[in-house]
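Just so you know, all these numbers are worked out from the coordinates, no wet-lab data involved. All figures in this text were calculated on a predicted structure; none of them were measured in a lab. Cβ coordinates were reconstructed from backbone atoms using ideal geometry, including for glycine residues, and neighbour counts include every protein chain displayed.
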Amino acid sequence: MEDKISLLNKHLKEKGLKSTRQRDLIVSEFFKRHQHLTVEELLERVRKIDQGIGYATVYRTLRLLTECGLAFKREFGGSARFEHSTDHHHDHLICLDCGKIVEFENDRIEKLQAEVCQKNRFKLINHKMELYGYCEKCHGKHHE
Ligand SMILES: [Zn+2]
Ligand SMILES: [Zn+2]
């Protein structure tokens, strides 16, 4: 957490911005748990502590974190969600009913992707694998 704060402060300084109490609060709430949060969800959380925080402040803070590599922006089914940057690459399973998001890593899938690229003489830079469906809990409701 210390490293993250100092990296963010360095970035703020470069942009000529100062750290503010509201921004500090947003950052500490964001880093509390590894999750995939929308701006609205994070806003709801920080408002429990400081009613005066607005949507724009949360949005801008998440953008700053993304710019300096501390957060990662995902687009799941058209909605933007932010998560902590992690050392390990991972992919996601997304439930279309309750919105549950599960992270996974699969070496075989990773290897197969590299093979596909190699076969097509394609230099892979990045990839996102998002599998949409129904989680175990919601599966029953959608069973034909
Ligand atoms: Zn579900
Ligand atoms: Zn994730």
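Dipole size of region 67-144 about its Cα centre, with +1 on Lys/Arg Cβ and -1 on Asp/Glu Cβ: approximately 260 debye, rounded to the nearest 20.
Relative contact order of region 91-142: what whole-number percent is it, with Cα pairs under 8 angstrom and at least 6 residues apart? Reported relative contact order: 51 percent. Taking 30 Å as the limit for the C-alpha separation, the pairs Lys4/Lys128; Lys32/Lys111; Lys32/Lys123; Lys18/Lys48; Lys73/Lys111; Lys15/Lys123 exceed it in the case of Lys32/Lys111; Lys32/Lys123; Lys15/Lys123.
Loop-located trypsin sites (Lys or Arg not before Pro) across region 55-144 with a Cβ neighbour count of 13 or fewer within 10 Å are Arg121, Lys123, Lys128, with loop assigned by DSSP.
Computed over the chain, the alpha-carbon pair-distance distribution with 10 angstrom bins reads 10, 32, 30, 20, 7, 1, each value a whole percent.
For Ala71, nonlocal amide neighbours, meaning residues 5 or more places apart or on other chains whose placed amide H falls under 5 Å from its own, are Thr66, Ser85. With both labels modelled 7 Å from their Cα along Cα-to-Cβ, the Leu112 to Lys15 distance reads 3.9 nm.
Remark: Val102, Val27 ranked as Val102, Val27, counting other beta-carbon atoms within 10 Å and listing the fewest first.
Between Asp50 and Asp3, the contour length at 0.36 nm per residue exceeds the Cα-Cα span by 14.4 nm.
Counting only the backbone N, which residues of region 80-100 are under 11 Å from the spot 7 Å out from the Cα of Glu40 toward its beta-carbon? Output list for this probe position: 80. Can you give me the Rg/Rh ratio for region 2-84, using Cα atoms for both radii and the Kirkwood formula for Rh? For region 2-84, the value is 0.94. For region 81-129, GluC sites (Glu not before Pro) meeting the loop criterion (DSSP other than H, G, I, E, B) and having at most 12 other Cβ atoms within 10 Å: Glu105. Bridges between two residues of region 91-142, per DSSP, are antiparallel at a rate of about 50%. Computed on the chain, with alpha-carbon pairs under 8 angstrom and 6+ residues apart, the relative contact order is 18 percent.
For region 2-84, what does the relative contact order come out to in percent, with C-alpha contacts under 8 Å and a separation of six or more?
Result for region 2-84 is 32 percent.
Mean silhouette area of region 91-142, derived from the convex hull of its C-alpha atoms and averaged over all directions, reads 4.4 nm².
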